[in-house]
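In what follows, a single structure is set out as structure tokens and then discussed.
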Amino acid sequence: MNRSRLGVAASIYGIFALVAIAWRDAVGASALHSGAPLGGTHAFALPLAASLGALTGVAAGAASRALARGPRWGRGLYLALREALAGGPSDTASLAALTLAAAVGEELFFRGAMLPTLQGLWGTSAAVALSSVAFGLLHAPWSRRMLPWTLMATAMGVVFALLYLVTGEVLAPVMAHAVVNYENLGFLVDRAARPRR
């Protein structure tokens with residue numbers, strides 16, 4: 001990915017993060033933590049959140065790769081994403097920067113700000129559902145083959161929301177999101193770089 005495109009992407013995700021922080025600050029709350037961290041303290045919750053998030057990301061990445069080799073719709077989605085990434089990020093540094101920016105910006109916004117706000121208005125179940133659907137719609141398809149991507153993003157939104165609710169730390173979904181994105185982008189780019197037989 002060229003520097004200008006990477007800069008634009010990072011700026012967009014930076015705006016997501018700043019909006020989330022301002023949103024929660026306006027009501028005297030944090031976009032980083034809920035009021036009830038796991039174990040009662042952030043010192044306990046943060047390392048557990050990082051570990052749980054990383055493990056979830058690895059598992060989700062493995063499931064994504066299995067789908068790319070499995071059902072027809074999974075293979076179609078894989079091909080559509082690979083085509084969309086043509087000319088995109090290919091080096092490790094760009095992949096890492098893009099995945100980290102996306103994970104931090106999106107998780108602060110959807111899980112750190114939107115989820116607790118909706119939870120206060122309509123309860124936990126509705127908050128998880130609505131924030132996950134909103135997250136899925138951010139991944140709206142531009143072709144029929146991409147529709148599973150939107151549905152999978154919605155499902156992952158539920159997983160990310162549960163990680164946040166269980167640990168009380170946005171670090172858990174950030175880690176999961178960053179790991180799964182890094183693994184998936186690396187898988188797609190690696191295959192895209194291979195010559196076709």
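The values are calculated or read from the model by the stated rules, or taken from the named source; none is laboratory data. What you see is a predicted model; the values in this text were computed from it and never measured. Please note: Cβ atoms are built from the backbone with ideal geometry, for glycine as well, and neighbour counts cover all protein chains shown.
Matching residues to (1) of a type in the set (V, I, T); (2) exposed (fewer than 15 other Cβ atoms within 10 Å of the Cβ); (3) part of a helix (DSSP H, G or I); (4) touching a Lys or Arg at 6+ places or on another chain (Cβ under 8 Å):
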| residue | (1), (2), (3), (4) |
| --- | --- |
| A113 | no, no, yes, yes |
| Q119 | no, no, yes, no |
| L130 | no, no, yes, no |
| L165 | no, no, yes, no |
| V174 | yes, no, yes, no |
| L185 | no, no, yes, no |
| L188 | no, no, yes, yes |
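Evaluation of L115 against the conditions (1) at pLDDT 95 or above; (2) within 11 Å of the chain's Cα centre (by Cα) shows that the sole unmet condition is (2).
Within the range 25-38, the presence of a residue that is among the polar types (S, T, N, Q), surrounded by 12 or more Cβ atoms within 10 Å (Cβ to Cβ) and within 16 Å of the chain's Cα centre (by Cα) is excluded. Based on what the data block shows, is V8 loosely packed, with under 14 Cβ neighbours inside 10 Å, aliphatic (A, V, I, L, M), outside any helix (DSSP H, G or I) and on the phi < 0 side of the Ramachandran plot? The answer is no for V8.
Yes or no: A26 over 19 Å from V174 (Cα atoms) and either of a type outside the set (F, W, Y) or at pLDDT below 95 (or both)? Yes.
Of all residues assigned to the range 68-90, none qualifies as being in contact (Cβ under 8 Å) with a residue 40 or more places away in the chain, surrounded by fewer than 19 Cβ atoms within 10 Å (Cβ to Cβ) and touching a Gly at 6+ places or on another chain (Cβ under 9 Å). When L55 is tested against the conditions (1) crowded, with 18+ Cβ neighbours inside 10 Å; (2) modelled with pLDDT of 85 or more, the lone failure is (1). The single condition among (1) of a type in the set (A, V, I, L, M); (2) under 17 Å from the mean Cα position of the chain (by Cα); (3) more than 18 Å from G7 (Cα to Cα) that A102 does not satisfy is (3). Remark: pairs (first residue in the range 142-155, hydrophobic (A, V, I, L, M, F, W, C); second residue surrounded by fewer than 17 Cβ atoms within 10 Å (Cβ to Cβ); Cβ separation under 7 Å; 6+ apart in sequence or on different chains) = L147/P141; W149/H139; W149/P141; A153/H139.
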